[in-house]
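*Asks:* If you scroll down you'll find the structure; I have some questions about it.
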Amino acid sequence: MDASKPMLVRDASLVDGRRHQDVLVQGGRIAAIGTRLAAPDGARVIEAGGMLLSPPFVDAHFHMDATLSHGLPRVNASGTLLEGIALWSELKPALTQRSLVERALQYCDWAVAKGLLAIRTHVDVCDDRLLAVEALLQVRKTVAPYLDLQLVAFPQDGLLRAPNALANLTRALDMGVDVVGGIPHFERTMADGAESVRVLCELAAARGLRVDMHCDETDDPLSRHIETLAFHTQRLGLHGRVTGSHLTSMHSMDNYYVGKLLPLMREAQVHAIANPLINITLQGRVDTYPKRRGMTRVPELMAAGINVAFGHDCVMDPWYSLGSADMLEVAQMGLHVAQMTSQAQMRACFDAVTVNPARLMGLAGYGIEVGNHADFVLLQARDPVEAIRLRANRLLVVRRGAIVASAPAATATLNLPGRPQSVDWTLRR
């Protein structure tokens, strides 16, 4: 990494549609954007060739303490959410801080290679040792030069259901964890779930922290804790600082109730996170046919003026055996599941893995604008829709003006009689 030299990216396409733009970087920040900018003496010049220069990808919902643990201590045979939670409980006693750190750092390497430079990860606080908390605090410090890592204190086994969960969560916040988490639908009763939302929101308000709750991650249309979350957000003045993650019960709710719910969420400025890869995998498991998709109502949430982000959620862990830190894969799945196929909707799916989660996390200096951090990704595509279609190669990843990852352009050579010998996937016929 060398951010001391100026950098000039020539002839880039930008996400907002501007073409043939030069981006000048000095002192780790974007100094100028325009056409035919002069390169300062000694500047590194990057020829973009019309490719897409995007803000870095952002994952607002992940579980880094569990990542890359697939098969430990066994594989999730049913593929269900509940067996995944049970598996994680079996694994926790065998966890070590070293193994947690090693797996998390390996995943962070994958993330940077994919242009994913900011992650909000939940960390389980129901283990009295708080090994995962200690491990991810160490990881956050290690990766700080090249990746923003935001930690959520997450009572995986239920705030009121699990012994010591509230005390452990409070200890985790005292240790430096950033966000208050919860899982109201996993409490013993709906009433306990609602009470956990109240307790956690009041704790966040008292400490001036953000809130991000696993909320209504179920096929049950009567799981309505998002309504309670919006209420306490409004009551406590937490507007813009609260997120409801998953919200899969909304997929099964009746339209009349959703018509009441969406304005409440908008009024409280509650953010929403869908996790397309995992929601489509874990939900609808008890259905025969027709089988529910499970993912929350993304187009309707967006149309209501609610900020919606997509998260990766899991990679090779007790809940999901696939994944590679590729947020374009997440956007592509979200696009298909939500049937968001207009040009505007596909661009909205790109926003759901870039600007929307950055807003949700409160990332300062994010975006390709003069004065912001020089954090960006050069993609082998000419616009956001093409980037999703191709799951475009990350040609260059830059953090604070320093190149942190690069990859050659994806090409193929054909040996067909009378046909061109190379393939360019970005050319449109």
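Readers should treat all values here as calculations from the given coordinates under stated rules, not as data from a laboratory. Predicted, not measured: the structure shown is a model, and the values here were computed from it. Cβ placement follows ideal geometry from the backbone for every residue including glycine, while neighbour counts extend to all protein chains displayed.
*Asks:* Would segment 170-267 count as rounded, prolate or oblate if I go by the C-alpha gyration tensor, calling it rounded below 1.5 in a/c and otherwise prolate when a/b exceeds b/c, oblate otherwise?
*Replies:* It is prolate, given that a/c is not under 1.5 and a/b is the larger ratio.
*Asks:* Sticking with this structure for a sec: What ³J(HN,Hα) values, in whole Hz, does the Karplus curve 6.51 cos²θ - 1.76 cosθ + 1.60 give for segment 135-143 when θ = phi - 60°, with x put for Gly and Pro?
*Replies:* 5, 6, 5, 5, 5, 4, 5, 5, 8
*Asks:* With a point put 7 Å past each Cα toward its Cβ, work out how far GLN339 is from VAL286 in nm, to one decimal.
*Replies:* It works out to 2.5 nm between the two label points.
*Asks:* For a quick check: with amide H placed at 1.01 Å from N, whose amide H comes under 5 Å from ASP22's, ignoring anything fewer than 5 positions away on the same chain?
*Replies:* ASP11, ALA12, GLY34, THR35, ARG36, LEU37
*Asks:* Same structure, new question: Take the Cα gyration tensor of segment 255-303, multiply each eigenvalue by 5, square-root it, and list the three semi-axes largest first, rounded to whole angstrom.
*Replies:* Working from the Cα gyration tensor, I get semi-axes of 24, 13, 8 Å.
*Asks:* Given Cα pairs under 8 Å that are at least 6 residues apart, what percent is the relative contact order of segment 346-429?
*Replies:* RCO, segment 346-429: 20 percent.
*Asks:* Need the C-alpha centroid separation for segment 120-191 versus segment 31-96, integer Å.
*Replies:* Using only Cα atoms, the two centres lie 19 Å from each other.
*Asks:* Got a sec to turn the phi values of segment 396-406 into Karplus ³J(HN,Hα) couplings, 6.51 cos²θ - 1.76 cosθ + 1.60 with θ = phi - 60°, whole Hz, x for Gly and Pro?
*Replies:* Calculated HN-Hα couplings, in order: 8, 10, 10, 10, 6, x, 10, 6, 10, 7, 8 Hz.
*Asks:* Could you give me D for segment 133-184, from Stokes-Einstein at 25 °C and 0.890 mPa s, where the hydrodynamic radius is the Kirkwood radius over C-alpha pairs? Units µm² s⁻¹, please.
*Replies:* Taking Rh from Cα pairs, D becomes 211 µm²/s.
*Asks:* Another question, then. Report, as a whole number in µm² per second, the diffusion coefficient that Stokes-Einstein gives for segment 214-360 at 37 °C and 0.692 mPa s using the Kirkwood radius over alpha carbon pairs.
*Replies:* Rounded, D is 214 µm²/s.
*Asks:* Going by C-beta contacts inside 10 Å, put ASP128, ASP375 in order with the fewest on the left.
*Replies:* ASP128, ASP375
*Asks:* Sticking with this structure for a sec: Which value in Å does the Kirkwood hydrodynamic radius of segment 1-137 take, with 1/r averaged over all unlike C-alpha pairs and then inverted?
*Replies:* The answer is 18.3 Å.
*Asks:* Suppose the chain between ASP109 and SER324 were pulled fully straight at 0.36 nm per residue; how much longer would it get relative to their current alpha carbon spacing?
*Replies:* Extending this stretch completely gives an extra 76.3 nm.
*Asks:* Counting only DSSP beta bridges with both residues in segment 57-361, tell me the antiparallel percent, nearest 5.
*Replies:* Within segment 57-361, antiparallel bridges account for around 5 percent of the total.
*Asks:* Residues with amide H under 5 Å of ILE46's amide H, sequence separation 5 or more or different chain, H placed in the peptide plane at 1.01 Å from N; which?
*Replies:* Residues meeting the criterion, in which the H sits 1.01 Å from N, are LEU8, VAL9, ARG10.
*Asks:* Can you list the residues, at least 5 places off or on another chain, whose amide H is less than 5 Å from the amide H of GLY181, using H built in the peptide plane?
*Replies:* Residues meeting the amide H criterion: ALA153, ASP212.
*Asks:* Percent relative contact order of segment 139-199, based on C-alpha pairs within less than 8 angstrom and at least six residues apart?
*Replies:* Once normalised by length, the contact order is 33 percent.
*Asks:* What are the ³J(HN,Hα) couplings of segment 86-95, residue after residue, when phi is run through the Karplus curve with 6.51, -1.76, 1.60 and θ = phi - 60°? Round to Hz, x for glycine and proline.
*Replies:* 5, 4, 4, 5, 5, 6, 3, x, 8, 5
*Asks:* Continuing with this model, one more query. In segment 67-107, if every C-alpha pair distance is counted and binned at 5 Å from zero, what percent goes to each bin?
*Replies:* 5, 22, 30, 23, 14, 5
*Asks:* Okay, moving on. Using just the C-alpha positions of the chain as equal point scatterers, what log10 of I(q)/I(0) does the Debye formula give at each q in 0.07, 0.08, 0.11, 0.13 1/Å?
*Replies:* For the chain, the Cα-only Debye profile gives -0.34, -0.44, -0.83, -1.13.
*Asks:* Also, quick follow-up: Relative contact order for segment 57-361: what percent, with Cα pairs under 8 Å and sequence separation of 6 or more?
*Replies:* Here the relative contact order equals 20 percent.
*Asks:* Could you put LYS114, LYS5, LYS260, LYS92 in order, starting from the residue whose Cβ has the fewest other Cβ atoms within 10 Å?
*Replies:* With the fewest neighbours first, LYS114, LYS5, LYS260, LYS92 line up as LYS260, LYS5, LYS92, LYS114.
*Asks:* Suppose only helical runs count, i.e. DSSP H with n ≥ 4. What mean residue ellipticity at 222 nm does that imply for the chain under -39500 (n - 2.57) per run, divided by all residues and rounded to the nearest 500 deg cm²/dmol?
*Replies:* After summing the helix terms and dividing by residue count, I get -10000 deg cm²/dmol.
*Asks:* With 10 angstrom as the radius, rank SER321, SER13 by how many other C-beta atoms surround their C-beta, starting from the fewest.
*Replies:* SER321, SER13
*Asks:* Also: Give me the net charge of HIS185's neighbourhood, meaning all other residues with Cβ under 12 Å from the Cβ of HIS185; Lys, Arg count +1, Asp, Glu -1.
*Replies:* Here the charged neighbours net out to -3.
*Asks:* Can you give the charge dipole size of the chain about its Cα centre, rounded to the nearest 20 debye, using +1 on the beta carbon of Lys and Arg and -1 on the beta carbon of Asp and Glu?
*Replies:* The dipole magnitude comes to about 1000 debye.
*Asks:* Compute the distance from the alpha-carbon center of segment 351-397 to that of segment 6-28, in whole Å.
*Replies:* 13
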